[in-house]
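Notes follow the structure.
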Amino acid sequence: MAGGAAVVDSSSKAYPGRMTAFVIFASLVAACGGLMLGYDIGISGGVTAMSSFLQPFFPDVYRKEQGIVSSNQYCKFDSHKLTFFTSSLYLAALVVQWPASYSTSKHGRKLSIIIGAVIFLLGAAFNAAAIHVAMLYIGRLLLGLGVGFVIQAAPLYLSEMAPSKSRGSLNTIFQLMITIGILLANLVNYATNKIQGGWGWRLSLGLAAVPAAIVLLGSISLPDTPNSMIERGASEEDVKKNLRRIRGIDDVHEEYQDLCDACANASKAANNNNNNKLAIFQRKYVPQMVMTFLIPFFQQLTGINVIMFYAPVLFQTLGFGNDASLMSAVITGLVNVAATGVAFLVVDRYGRRPLFLEGGLQMLLSQVTIGSLIWKVFGVAGVASVSKGYAYGIVALICVYVAGFAWSWGPLGWLVPSEIFPLEIRSTGQGINATINMLMTFVIGQVFLSLLCATKFGLFFIFAFFVLSMTLFVAFFLPETKGIPIEDMSKVWSQHWFWRRFVPCEDSTRRVEMV
């Protein structure tokens, strides 16, 4: 098939070393930034399905939910105020991306993660103590600023700490933590919804402080990555000491020298540009730019955040009761975690492209089937009762869809953009990736319930169209990056059938095998 090229290069270096316990610990701490994001994704959807939360803050939605105003299932939760409660976090994360990119480049990956955790803690406190809608929004905006710093720095930290042969697995831990956070949030919501007195939602929102505290306390004890240390002028002795600790060996001179060469090339490229932030727009970086725009763009248009944000709301819309909808969200959360674990085990064995393609096909088929079932049950009017058989069938199909995302576009949407950029534009590239991700997450989160009201079952077919488009995009334009050292990634583009017209071929002796 056109587009899939794995480069086999005799000059590619497999540096000595092993997967040390220290690297695993450091990676787990950084990946807990995903736990922060995942907990928030899961908790907001469950809280907005609780009557005790809706009645004081969003009374109009509460009346619809109780059937006092409208019986149309598609439009029951349609409220821009309510959706802004969820999506405002992603607006804040979007706005903070460029300051976060600057911090990550100039002050290191570690400090950016710490800053994000501190701000996130403040946001959790505001939300748990909220007495009016303004406090809810302020808390959500603070959470968003914290998430913005963490998602900027954590994937880079993981990619730069990992040995090249294990980079995919370690980076996948970030997405695995997102899924664990979503699952924990769903379990918390299910438990707090049963608390008498109507304050369970405060506990749900306040517990967001726990993953932030884990990240903060863990990050304080971690070093920065060797790449970042060299970039910021650390001494040779300090960098080599860090490399020895990371790789578990004494002889790290070869890797250190290659990192220094990459940093020197990055500095030279920066000096040749008046504004290093604009260097990414050079012709030779066109492939990376296209990927860092389209991968997060398509990732959100799979419709996954519709499921994860509003799973309890969506299940209530489909006729489930309150407890049943929260339990259904727990079930999809379990599937999400398990399927992401599959990606962790196979991404460095089978590569990125096979997972992208299989996951895309699986999501496409399940989206079309879900849309067809909802069409048959609710039609256009949106008034119907769902039998147990149909309810179980819809939950099963959503689980199939979630599994397809969780072992493909979920982890790979963070992994691939974090590993394809050269050092001189790596922070900028990750900033663009996170910006597009947060922008699309905000847009989808803000308009989903209105789109569901307007397009009804057709919304699932709209998402299916985008899943088909992005699967074809991967098939033709995304090369395989499995096992390529992160500082040697340019070969992937210079040997690709399409992208080589933009990237000069640096070594004519390289051999290419088509996947």
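The values are calculated or read from the model by the stated rules, or taken from the named source; none is laboratory data. As the structure is a prediction and not an experimental result, all values here were calculated from the model. Note that each Cβ is placed from the backbone with ideal geometry, even for glycine, and that neighbours are counted across all protein chains shown. The area values use the complete protein model at the heavy-atom level, side chains included, leaving out ligands, DNA and RNA. Shrake-Rupley method; radii C 1.70, N 1.55, O 1.52, S 1.80 Å.
Where residues in region 203-212 are assigned to a helix (DSSP H, G or I) and within 20 Å of the chain's Cα centre (by Cα), which of them is surrounded by the fewest Cβ atoms within 10 Å (Cβ to Cβ)? Quick ask: steps written out before the conclusion?
Pass one, region 203-212, residues assigned to a helix (DSSP H, G or I): 203-206, 209-212.
Now drop any that are not within 20 Å of the chain's Cα centre (by Cα), which leaves 209-212.
On the way: Ala209: 21, Val210: 16, Pro211: 27, Ala212: 28.
Step by step, filter region 203-212, then rank; the result is Val210.
Out of all the residues in region 490-506, which are part of a helix (DSSP H, G or I) and in contact (Cβ under 8 Å) with a residue 60 or more places away in the chain? Scanning region 490-506 gives Ser490, Lys491, Val492, Trp493, Trp499.
Scan region 353-363 and give yes if some residue there is at pLDDT below 90, part of a helix (DSSP H, G or I) and in contact with a helix residue (DSSP H, G or I) (Cβ under 9 Å, 6 or more places away or on another chain), otherwise no. So far as region 353-363 goes, no, none of its residues is at pLDDT below 90, part of a helix (DSSP H, G or I) and in contact with a helix residue (DSSP H, G or I) (Cβ under 9 Å, 6 or more places away or on another chain).
Exactly one residue among Phe461, Phe457 is open to solvent by 10 Å² or more (accessible area, probe 1.4 Å), at negative phi and modelled with pLDDT under 80, and that residue is Phe457.
Among all residues of region 461-481, there is at least one that is hydrophobic (A, V, I, L, M, F, W, C) and outside any helix (DSSP H, G or I). Phe498 - would you say it is modelled with pLDDT of 90 or more, closer than 22 Å to Val347 by Cα and open to solvent by 40 Å² or more (accessible area, probe 1.4 Å)? No.
Yes or no: region 436-446 includes at least one residue that is modelled with pLDDT under 80, farther than 30 Å from Tyr256 by Cβ and either within 17 Å of the chain's Cα centre (by Cα) or part of a helix (DSSP H, G or I) (or both).
Yes, there is a match, as at least one residue in region 436-446 is modelled with pLDDT under 80, farther than 30 Å from Tyr256 by Cβ and either within 17 Å of the chain's Cα centre (by Cα) or part of a helix (DSSP H, G or I) (or both).
Out of the helices (runs of 4 or more DSSP H) lying entirely within region 234-338, which hold 1 or more residues that are among the basic types (Lys, Arg), surrounded by fewer than 18 Cβ atoms within 10 Å (Cβ to Cβ) and modelled with pLDDT under 85? Even if it seems obvious, please write down each step before you answer.
Values: elements: 236-247, 253-271, 286-301, 304-317.
So the answer is 253-271.
Residues that are within 29 Å of Phe448 (Cβ to Cβ) and open to solvent by 10 Å² or more (accessible area, probe 1.4 Å) were ranked within region 93-113; the one that is nearest to the chain's Cα centre (by Cα) is Leu94.
Those residues that are at pLDDT 85 or above and either open to solvent by 10 Å² or more (accessible area, probe 1.4 Å) or more than 17 Å from Val346 (Cβ to Cβ) (or both), I need them from region 404-418; list them, please.
Scanning region 404-418 gives Phe405, Trp407, Pro417.
Determine whether Gln430 is buried (at least 24 other Cβ atoms within 10 Å of the Cβ), under 26 Å from Val95 (Cβ atoms) and among the polar types (S, T, N, Q). Criteria met by Gln430. When Leu459, Leu472, Leu452 are checked against the criterion of being free of Cβ contacts under 8 Å to residues at least 40 places away in the same chain and over 24 Å from Ser159 (Cα atoms), a single residue qualifies: Leu472.
Of all residues in region 114-133, exactly one satisfies the criterion of being over 16 Å from Val210 (Cβ atoms) and open to solvent by less than 10 Å² (accessible area, probe 1.4 Å), namely Ala130.
Residues that are in a loop (DSSP other than H, G, I, E, B), on the phi < 0 side of the Ramachandran plot and at pLDDT below 70: does region 52-66 have at least one?
Step one: filter region 52-66 for residues in a loop (DSSP other than H, G, I, E, B), giving 58, 66.
After this cut, where a residue has to be on the phi < 0 side of the Ramachandran plot as well, the list is 58, 66.
Next, from what is left, pick out any that are at pLDDT below 70: 66.
Taking every residue of region 52-66 in turn, at least one turns out to be in a loop (DSSP other than H, G, I, E, B), on the phi < 0 side of the Ramachandran plot and at pLDDT below 70.
Within the set Glu480, Glu487, the sole residue that is surrounded by fewer than 24 Cβ atoms within 10 Å (Cβ to Cβ), within 16 Å of Ile295 (Cβ to Cβ), over 19 Å from the mean Cα position of the chain (by Cα) and touching a residue at least 12 places away in the same chain (Cβ under 8 Å) turns out to be Glu480.
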